[in-house]
Structures are given as structure tokens and as C-alpha cells.
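Comments concern the structure below.
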Amino acid sequence: MNKGKPQLHTIVLNVRADADVYSAMPIRVLKAVADTEGSSAVLASIEAKGGYLRYVEGSDVRIISPTLIAGLAGRVANLCDVLLVDVPVDPDNLAASAPTLEAFQTEAKISGLRLRVFTMEKGALERGAGSHHSSFLIGRVFVYTIGAFDFDVMQLRSEHRFPCVMRRPDDFLDQPGRPILTYRDDDEIGSWLQTFIDPDPTSRTIRSILDRP
């Protein structure tokens, strides 16, 4: 858990197929956990107008131009501890996204920052790479598969789906301008979400991303 003045230590790239919007859930959940525990995380998108992420999370989502990644670390150094970036890609032309990912990799290395690049388990990119692969390359950047269990708020892969979740459509959390934490006010799913977004999550994956190395 990070306290005190923000100091950027980790950049997270959530790489997903452009049409696979549910695979943006990891960074939405990470932002909710950070907000709950008082850590400093910022959501961003490389899409020109913020795309899906700004649609669901609201105007606080920042936009990062792929042509202005150099020097990014210095510009946001005191803005947050963790920068969470949505990176939708064309699954049929991954090479087109290589320069953007490589630019983030170079910026992180030059600035001495930790870089985490992942895609969500069971997402379109992970399925396309093959079920037995835990990572794949886009250009010179490894994209790792991150387990869905800690981030699958609607329990899409669980055998024990709670009734309050089952009564909701799978895209229930895609309402415009509603960050994940605002759903805690929902009469039914709010209690489940409060439990899911625990202020002291035990997930090693969540802690390894949000905590200062």
C-alpha cells in the first residue's frame, strides 16, 4: 500500500483486442482497489478520445498520445504511484501496435520504472495466442497473461455465481460514466462489489502491481 506524496513507480499496459472491452476490467478493478485503500493510481487510454475506458469510467481518464510517450514518466512523476493504461489493439495486425508498446518499454527503462504488460486470461488475445501460452510477443515486448479470477467482477468464469450477479447482464458494469466503485450503491450487487473490492486485498497479483517495489 502506497502512502504520502505520489511518486510514479509502475506503468501498467492492459493490452486487449479492440472489440474485447471486458478485458479492460483488470485496470478498472486496480483503480477501484487503489481508490479504496487510498493509493494513487491514474487511468489512461491511448485512444484519441479515451474510447471505451473513458466511456465507462468518465472524464477523469487521461489520454496518452502514442506519439508523445517519450518523456511521459517525467510529466506524470508526481501525479500517481501507478499509471494504468488501456491499450486496445487490432488482433489481426499486432505488428501495428509494436511501436507503441516498445515506446512505453523504452520510456520505462530510461526512467527506471517498473513496466507490467499483460492481457486478461480468456480474452480474445490470449485465446488467439493459444491456450497453453502464458505470454506472447508484440514487437520486442512480452505480453503476459494475467489470471481473470481476481478481476472478473461479474464472475463469468466461476462455477458458483451469486444470485445478485446472475440477475444482471454480463455488461452491467458498462454503464456510461460509472467507475467501478459507484456500483457499491446498487441495492443488490453493491454488497458483492464491496466484498470483491476489499480494502486490503490478498491477491498477490494486485499487490505486485499496486505496491511500491
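In this entry, Asp20 is excluded by the filter for residues that are under 18 Å from Leu173 (Cβ atoms), among the charged types (D, E, K, R) and more than 14 Å from the chain's Cα centre (by Cα).
Among the residues of region 84-101, is there at least one that is open to solvent by less than 40 Å² (accessible area, probe 1.4 Å) and free of Cβ contacts under 8 Å to residues at least 60 places away in the same chain? Scanning region 84-101 turns up at least one residue that is open to solvent by less than 40 Å² (accessible area, probe 1.4 Å) and free of Cβ contacts under 8 Å to residues at least 60 places away in the same chain.
Residues in region 121-141 include at least one that is closer than 22 Å to Arg204 by Cα, assigned to a strand (DSSP E or B) and out of contact with any Gly (no Cβ under 9 Å at 6 or more places or on another chain).
Out of region 142-179, which residues are outside any loop (DSSP other than H, G, I, E, B) and closer than 30 Å to Lys109 by Cα? Please lay out each step first, then the result.
To start, the set of residues in region 142-179 that are outside any loop (DSSP other than H, G, I, E, B) comprises 142-146, 163-166, 172-174.
Once the filter is applied, which keeps residues that are outside any loop (DSSP other than H, G, I, E, B) and closer than 30 Å to Lys109 by Cα, region 142-179 yields Phe142, Val143, Tyr144, Thr145, Ile146.
Take the conditions (1) surrounded by 18 or more Cβ atoms within 10 Å (Cβ to Cβ); (2) modelled with pLDDT under 85; Phe104 misses just one of them, which is (2).
Just the residues that are charged (D, E, K, R) and open to solvent by less than 50 Å² (accessible area, probe 1.4 Å), please, taken from region 7-21.
Pass one, region 7-21, residues charged (D, E, K, R): 16, 18, 20.
Hits for region 7-21 are Arg16, Asp20.
To keep it simple, each residue is scored yes or no on (1) loosely packed, with under 15 Cβ neighbours inside 10 Å; (2) at positive phi; (3) more than 18 Å from the chain's Cα centre (by Cα); (4) at pLDDT 85 or above.
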{"residue": "Leu173", "(1), (2), (3), (4)": "no, no, no, yes"}
{"residue": "Pro179", "(1), (2), (3), (4)": "no, no, no, yes"}
{"residue": "Thr182", "(1), (2), (3), (4)": "no, no, no, yes"}
{"residue": "Asp185", "(1), (2), (3), (4)": "yes, no, yes, yes"}
{"residue": "Leu193", "(1), (2), (3), (4)": "no, no, no, yes"}
{"residue": "Asp200", "(1), (2), (3), (4)": "yes, no, yes, no"}
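Here are Ala70, Ala41: which of them is hydrophobic (A, V, I, L, M, F, W, C), modelled with pLDDT of 95 or more and open to solvent by less than 60 Å² (accessible area, probe 1.4 Å)? So that I can check it myself, show each step before the final result.
Values: Ala70 fails: open to solvent by less than 60 Å² (accessible area, probe 1.4 Å).
It is Ala41.
Identify, please: which residue in region 143-171 is small (Gly, Ala, Ser) and surrounded by 15 or more Cβ atoms within 10 Å (Cβ to Cβ) and is, among those, modelled with the lowest pLDDT?
Restricting attention to region 143-171, the residues satisfying the condition of being small (Gly, Ala, Ser) are 147-148, 158.
Filter once more, keeping what is surrounded by 15 or more Cβ atoms within 10 Å (Cβ to Cβ): 147-148.
On the way: Gly147: 88, Ala148: 85.
It comes out as Ala148.
If you check Thr182, Thr205, which single one turns out to be assigned to a helix (DSSP H, G or I) and either in contact (Cβ under 8 Å) with a residue 12 or more places away in the chain or under 26 Å from Arg116 (Cα atoms) (or both)?
Numbers: Thr182 fails: either in contact (Cβ under 8 Å) with a residue 12 or more places away in the chain or under 26 Å from Arg116 (Cα atoms) (or both).
It is Thr205.
Out of all the residues in region 55-64, is one or more open to solvent by less than 40 Å² (accessible area, probe 1.4 Å) and under 20 Å from Leu101 (Cα atoms)? Yes, because at least one residue in region 55-64 is open to solvent by less than 40 Å² (accessible area, probe 1.4 Å) and under 20 Å from Leu101 (Cα atoms). In region 1-95, counting only strands (runs of 3 or more DSSP E) that sit wholly within it, the ones holding 3 or more residues that are of a type outside the set (Gly, Ala, Ser) span 10-17, 82-89.
The values are calculated or read from the model by the stated rules, or taken from the named source; none is laboratory data. Given the structure is predicted, the values throughout are model-derived calculations rather than measurements. Heads up, the Cβs are rebuilt from the backbone with ideal geometry, glycines too, and the neighbour counts pull from every protein chain shown. Keep in mind that these areas ignore ligands, DNA and RNA; they rest on the heavy atoms of the full protein, side chains included. Shrake-Rupley method; radii C 1.70, N 1.55, O 1.52, S 1.80 Å.
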